[in-house]
Structure formats: C-alpha cells, structure tokens
Amino acid sequence: MQTRRTFLQTVPALAALPVLAGDEKKPPAKDEGMTLGFSLYGMKTLKTGDALMRLNAIGYDSVEFCLNPGWDAAPDKLTAKRRRALRALLGHFELTLTALMVNCSLAGNQKPHHEKLKQAAQLAHDLAPDAPPLIETVMGNGKWDAVKNQFRDHLGVWAEIAKKSKTLLCVKPHRFGACNLPEHAVWLVEQIKSPSLKLAYDYSHFAHRDLSLEKTIQLMMPHTRFIHVKDTVLRDGKPRFVLPGESGQIDYRKLLRLAHKAGYRGDINVEVSGQVWGQPNYNPITAALKSYRHLAPAFDQ
C-alpha cells in the first residue's frame, strides 16, 4: 500500500505529468478518524470527474464539492444522470465526499439562500445517500453588533431547513464578514441549539489577529464538524490567503494534535482562496500537489 510518506517521494515526478492516470486502486489513508481532503473550490477550471481522478492519484482521502455558479458541480449543471455518474466515480476513486460548499448570506432577502440550501441538501442525498456530506457556508457581511440578532433569526431558519432535509449545516466565521471571531460563531450556535447546525473552523481567518491556535480551537471545537486549512500572510499590512505551508507560520502538526485532543474526527480540507486561484498563473493540480506535500507529514506524525 502506498502511504502518504512514500507518496511524497514521487511528488516531483508526478507534477511533471500532464495527466495522472489514477488507475491503481488504493484504500484512503485515514488517521485516527481524520481525513485529508481538497475543496474543488480551488479547481474551478476542471470537470468534476477529472478533478476526482487527480485527487485520487495524489493521495487525498476526501473531497468537498463547490456548488457556486460557474463551477462544474453547480446543482443546475448536474442532471440525474451526472449525479449517478459522480456517485460512481467517488466510489471508483475511493474519495469520501465530506462537504458541499455553497455561498449563502444571512443578510438581505433570504428566499434565494433558502433555495440554495434546499438544492444542496438534495444533491447531498443524491451523491451519497448512505452518508450525505455536510453543507458548508459563510454568513455574509455587516457589522457584528448591528446584525447579530438578524443573523441569529435567519440562521435559525437555515437550521430548520437542514433538519427537515436530514443534513448537517456548518457555518464558518470569516475575517472579512460580520461573524469573524470564534465567540461570534459560538454565540450563534448556542443561541439556536440545533443538532443540525454546527461550525466550520479555519484558522487562516484568525491568523495575525492575536488569536492563537489553542484559544480558537478551545472555543470552537466543541461545535466544529469541518476544518478548512490554508495560510495567511501580511502584504503591505493587509492579509492575503496563500496555500497551506506557504507562510511557514501555521503549525499543522499542532493544529491536528489539538483538534484531535479536543475530540475532532472529521475532515481536514484544503481550501484554495480566490485570492490564489484568481491569479493568471494558477494551476489547480500544482496547488493540490503542493498542499498535499506540506500537510501529509502532519498526519503521519
């Protein structure tokens, strides 16, 4: 069996290949219940089937689909036939579909966001009926003190949609959003108290803000069911997202150790920011390879 460690020795050669065949079957490498995944948010230019083949060949265990307009897995692009095909491909490439990303907002007219959540829930059951992936989203802009009660009320409706559709909804605090601190997110879920509503954790949104891994994990992990990973750097005093490992400032071994100690047993999923994939020289396969090469040793150790 090819382990993460032995795969790392082949990464430079694989990076030079135009296509990764993905013919050799291998069981996903799972470590103490945690999986290493990649979000297709960072593979907008690829068809979903091609992306799954590449992730399998690299060695990832899991995947998050992006349902936003313009991505190949947007619900209106997935006919019943394509949904069946993708379900088969997930099995063939031995990738666990852990999450569906959909951008929603708790601000403004809620009707379109309710429809997005319902479409995502249907897709979750169509693609993985035995273990539907969670639905993951951010929450929108505004000033926290001005919108927190509105967010609470609207999020309560989102939680009911998740409950009725038998899915799990995870919301993520975002450094540029109204809900941008761990205590904001914890307040929301504790106000609503729904088993269908949990949190997504992403330390990149807390980096360079005097918020430590220890503090943020302690606050959020009791409510967290999904973890995104990427780095943050300061350029001209402004935060910019980069690939995991590029800043050299996030200790992923420590992150995994603290999350595991706190009881987390879910996905550790690479999210490539639009600040990265929007650059003209961006290559999604290279990004997936670089991210895997940096993160895999944290699992092994």
| remark: For strands (runs of 3 or more DSSP E) lying entirely in segment 197-250, having 1 or more residues that are at pLDDT below 95 and of a type outside the set (D, E, K, R) picks out 231-235, 238-242
| field | Flag if G177 is farther than 18 Å from L197 by Cβ and not hydroxyl-bearing (S, T, Y) | value | no
| Restricting to segment 111-126, what's the tally of residues that are in contact (Cβ under 8 Å) with a residue 24 or more places away in the chain and out of contact with any strand residue (DSSP E or B) (no Cβ under 7 Å at 6 or more places or on another chain)? | 8
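Please go through segment 84-110 and give me each residue that is in a loop (DSSP other than H, G, I, E, B) and either in contact (Cβ under 8 Å) with a residue 12 or more places away in the chain or crowded, with 21+ Cβ neighbours inside 10 Å (or both), ordered by number.
Kept after step one, since they are in a loop (DSSP other than H, G, I, E, B), are these residues of segment 84-110: 93-95, 102-110.
Answer for segment 84-110, where residues must be in a loop (DSSP other than H, G, I, E, B) and either in contact (Cβ under 8 Å) with a residue 12 or more places away in the chain or crowded, with 21+ Cβ neighbours inside 10 Å (or both): F93, E94, L95, V102, N103, C104, S105, L106, A107, G108, Q110.
What about L155, is it closer than 21 Å to R83 by Cβ and crowded, with 16+ Cβ neighbours inside 10 Å? Please lay out each step first, then the result.
On the way: closer than 21 Å to R83 by Cβ: no; crowded, with 16+ Cβ neighbours inside 10 Å: yes.
No.
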| query | Looking at segment 1-75, what helices (runs of 4 or more DSSP H) fall wholly within it and have at least 3 residues that are modelled with pLDDT of 50 or more, within 17 Å of L95 (Cβ to Cβ) and not hydrophobic (A, V, I, L, M, F, W, C)? | reply | 48-58
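Restricting to segment 160-190, give me the number of residues that are over 23 Å from I217 (Cα atoms) and surrounded by 22 or more Cβ atoms within 10 Å (Cβ to Cβ). Quick ask: steps written out before the conclusion?
Of all residues in segment 160-190, those over 23 Å from I217 (Cα atoms) come to 160-167.
Checking the rest, the ones that are also surrounded by 22 or more Cβ atoms within 10 Å (Cβ to Cβ) come to 162, 167.
Final tally of qualifying residues: 2.
Scanning segment 97-108 for residues that are modelled with pLDDT of 95 or more and within 23 Å of V147 (Cβ to Cβ), which turns out nearest to the chain's Cα centre (by Cα)?
Step one: filter segment 97-108 for residues modelled with pLDDT of 95 or more, giving 97-106.
If we keep only those that are within 23 Å of V147 (Cβ to Cβ) too, we end up with 101-106.
Working: M101: 7, V102: 10, N103: 12, C104: 15, S105: 17, L106: 19 Å.
By that ranking, first place goes to M101.
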| said: For segment 114-132, give me each residue that is farther than 18 Å from A80 by Cα and outside any helix (DSSP H, G or I). | reply: A131
| So which residues in segment 133-164 are among the acidic types (D, E) and either in contact with a strand residue (DSSP E or B) (Cβ under 8 Å, 6 or more places away or on another chain) or part of a loop (DSSP other than H, G, I, E, B) (or both), if there are any at all? | E136
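Would you point out the residue of segment 235-248, among those that are of a type outside the set (D, E, K, R) and surrounded by fewer than 12 Cβ atoms within 10 Å (Cβ to Cβ), that is farthest from I217 (Cα to Cα)?
Just the residues of segment 235-248 that are of a type outside the set (D, E, K, R), to begin with: 237, 239, 241-245, 247-248.
Next cut, surrounded by fewer than 12 Cβ atoms within 10 Å (Cβ to Cβ) only: 237, 248.
Values: G237: 25, G248: 19 Å.
Applying the filter and picking the extreme gives G237.
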| task | Confirm whether F206 is farther than 17 Å from V270 by Cβ, of a type in the set (F, W, Y) and either buried (at least 21 other Cβ atoms within 10 Å of the Cβ) or free of Cβ contacts under 8 Å to residues at least 12 places away in the same chain (or both). | result | yes
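Among the residues of segment 256-277 satisfying the criterion of being surrounded by fewer than 20 Cβ atoms within 10 Å (Cβ to Cβ) and closer than 18 Å to S204 by Cα, which is nearest to the chain's Cα centre (by Cα)?
My answer is S273.
With the requirement that a residue be β-branched (V, I, T) and farther than 25 Å from H113 by Cα, what does segment 46-87 give you? Break it down stepwise before answering.
From segment 46-87, those β-branched (V, I, T) are 48, 58, 63, 79; that's our starting set.
Scanning segment 46-87 gives a single hit, I58.
The values are calculated or read from the model by the stated rules, or taken from the named source; none is laboratory data. Just so you know, these numbers come straight off a predicted model, no measurement behind them. Note: ideal-geometry Cβ built from the backbone for every residue, glycine included; neighbour counts use all protein chains shown.
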